[in-house]
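*Asks:* Before anything else, here's the structure in question.
Nothing in this text is a laboratory measurement; each read-out follows from the coordinates by a stated rule. Quantities reported herein were computed from a predicted structural model and do not represent experimental measurements. Positions of Cβ are backbone-derived with ideal geometry, glycine not excepted, and every protein chain shown enters the neighbour counts.
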Amino acid sequence: MKAESADPVCTELPSAARGGPVSHAVSRVARLHRIAAGKALRCAGLYPGQEFLMMYLWDAGAARQSELIKAVDLDPSTVTKMLQRLEQAGHVRRRPDPDDRRAVLVEASSDSCALRSDVERAWTNLEERTLAGLDATERTELARLLARVEENLSREAESCPEGR
């Protein structure tokens with residue numbers, strides 16, 4: 001039996017992941033980041049992922065629901081559920097598209113201005129906690145490397161038959 005470490009972070013690589021230590025680390029970091037983001041956004045009354053819908057609407061203005069689905073790259077039923085919750089909370093409103101009555105436009109409500117400040121504050125705090133101990137040069141390099149990883153994975157996703 002192994003002695004317990006005082007460090008709560010598990011850094012020992014499972015034997016099946018030895019061929020992909022970086023992929024394993026990225027998965028662990030992504031999971032922990034999502035948990036931390038969820039905690040930070042809970043204070044604003046949001047569920048994880050809803051902030052991405054709101055960020056898009058704040059920047060783009062009114063958008064068709066189909067555009068939102070593509071922008072956040074989530075399942076249509078997931079986006080519909082998120083929008084229902086956001087609408088019930090008064091953060092978005094949906095209305096028929098005047099150019100195409102079959103389509104629905106979604107827009108951030110004027111009441112979502114306070115929510116925007118909460119989201120900005122939550123993401124700023126999350127950034128500082130995530131990157132604590134890294135200097136400006138390291139932060140820039142990490143962002144550059146993650147952008148390259150994202151580009152690699154995006155190309156991979158585009159070649160999938162399902163588009164994911």
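*Asks:* Which value, in debye to the nearest 20, gives the size of the charge dipole of the chain about its Cα centre, when Lys and Arg are +1 and Asp and Glu are -1 at the Cβ?
*Replies:* Its charge dipole is roughly 460 debye.
*Asks:* Under unit Cβ charges (Lys, Arg +1; Asp, Glu -1), what dipole magnitude, rounded to 20 debye, does the range 90-139 have relative to its Cα centre? Can you show the working numbers first?
*Replies:* Details: 9 positive and 11 negative charges, 70 e Å.
It comes to approximately 340 debye.
*Asks:* Could you tell me which of rounded, prolate or oblate describes the range 75-161, using a ≥ b ≥ c as the square roots of the eigenvalues of the alpha-carbon gyration tensor, with rounded for a/c under 1.5 and, failing that, prolate when a/b is larger than b/c and oblate otherwise?
*Replies:* Because a/c hits 1.5 or more and a/b fails to exceed b/c, the range 75-161 counts as oblate.
*Asks:* Just to be sure I understand: with springs between alpha-carbon atoms less than 10 Å apart, which residue in LEU41, LEU131, LEU53 has the highest mean-square fluctuation in the Gaussian network model of the chain?
*Replies:* Answer for the Gaussian network model of the chain: LEU131.
*Asks:* Further question on the same structure: Identify which of PRO98, PRO14, PRO76 has the largest mean-square fluctuation in a Gaussian network model of the chain, with springs joining Cα atoms closer than 10 Å.
*Replies:* It is PRO14.
*Asks:* Further, regarding this structure: Could you identify which residue out of SER110, SER15, SER66 has the top mean-square fluctuation in a GNM of the chain using Cα springs shorter than 10 Å?
*Replies:* With Cα springs under 10 Å in the chain, the top fluctuation among SER110, SER15, SER66 is at SER15.
*Asks:* Which whole-angstrom value gives the distance between the alpha carbon centres of the range 9-87 and the range 127-161?
*Replies:* So the separation of the two Cα centres works out to 15 Å.
*Asks:* Using a 10 Å Cβ count of at most 13 others and DSSP loop calls, identify the longest part of the chain lacking such GluC sites (Glu not before Pro). Kindly include the intermediate steps, with their values, before the conclusion.
*Replies:* Numbers: sites that count: GLU4, GLU12, GLU162.
Excluding the exposed sites themselves, the longest stretch runs over 13-161.
*Asks:* On to the next question. Calculate one ³J(HN,Hα) per residue across the range 143-159 by plugging θ = phi - 60° into the Karplus curve 6.51 cos²θ - 1.76 cosθ + 1.60, and present them in order as whole Hz with x for glycine and proline.
*Replies:* For the range 143-159, the Karplus-derived couplings read 4, 5, 5, 5, 4, 5, 4, 4, 4, 4, 5, 5, 4, 4, 5, 5, 7 Hz, x marking Gly and Pro.
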